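Only the coordinates and a few stated rules stand behind these numbers; no lab work does. Bear in mind the structure is a predicted one, so any value in this text is a computation, not a measurement. Glycine also receives a Cβ, built like all others from the backbone with ideal geometry; neighbour counts cover every protein chain displayed.
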Amino acid sequence: MKPLTDIGEMRLSEAREDGKDYFFKPSFEAMAAIGTPEEIVSTFSTIHGADIQGIINKVSSLPTTLPQHMLNALFQMPGEKILTAAMHVLRCCYKGHDDLTPLIGEWKGWSNCVVYRPGALPKEDIIVLAQHLMQHGIIGKAKIRKLQRHETNEYSTEFKAIDYIMAARNHFGMSRDDAADLTMTEFTLLLAAKYPDQKGFTKEEYDSIADDFLAQQARRREMAAQQH
């Protein structure tokens, strides 16, 4: 199956001639598989480096510079957490039934430690791919006009996939399975296609008009002051 990359689908193929194809889709169903509504948002935050950024902020506020070995120790645990979360996201979004270990590796436990055994993908690629999938899965990356009244800076602590599944069924007359297989990007594009004539300004359009108006008012005041 050819992936529709614009809506978040992707396919990875092993380099060898008889290698497997791995197909991923960040559908609402896949997002729900990540965990509870709160765990979905927490996972998104984790794989985008919130824990790392928190450590950077704390370290930068210290009066002295920490030794390198202490810095390495501080960043090791969050790094492992990010990789583990990213691996979980890929497993949830995988549309096949076979084991992903050859591709993403695995954590192996021993009597005194747990180590990561790599697969075909480098750690960095696993994290970037997981970020890509979750962005399409819970935020959406559709290039459409977004009205100012729909733009908020509110941060939500949960993502309820079932709300979007029910909305898709209501708006588009879809079956439950078809609605659950939508990505957020796909859902947003469908809404924009069904309701194309929304009136109003985007935030950028509103700000531009407001700036022009204020500039004109300032010029009028300046001219009036010069005349007096």
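Miscellaneous remarks
- Seen from Lys25, the other residues with C-beta closer than 15 Å to its C-beta sum to a net charge of -3, counting Lys and Arg as +1 and Asp and Glu as -1.
- Around Pro37: net Lys/Arg minus Asp/Glu count, Cβ-Cβ under 11 Å: -3
- Neighbours of Thr183, meaning other residues whose beta-carbon lies under 14 angstrom from its beta-carbon, give a summed charge of -3 when Lys and Arg score +1 and Asp and Glu score -1.
- A simple packing score, the average count of other Cβ atoms within 10 Å per residue, orders the peptides 111-119, 134-142, 35-43 as 134-142, 35-43, 111-119, with the highest score first.
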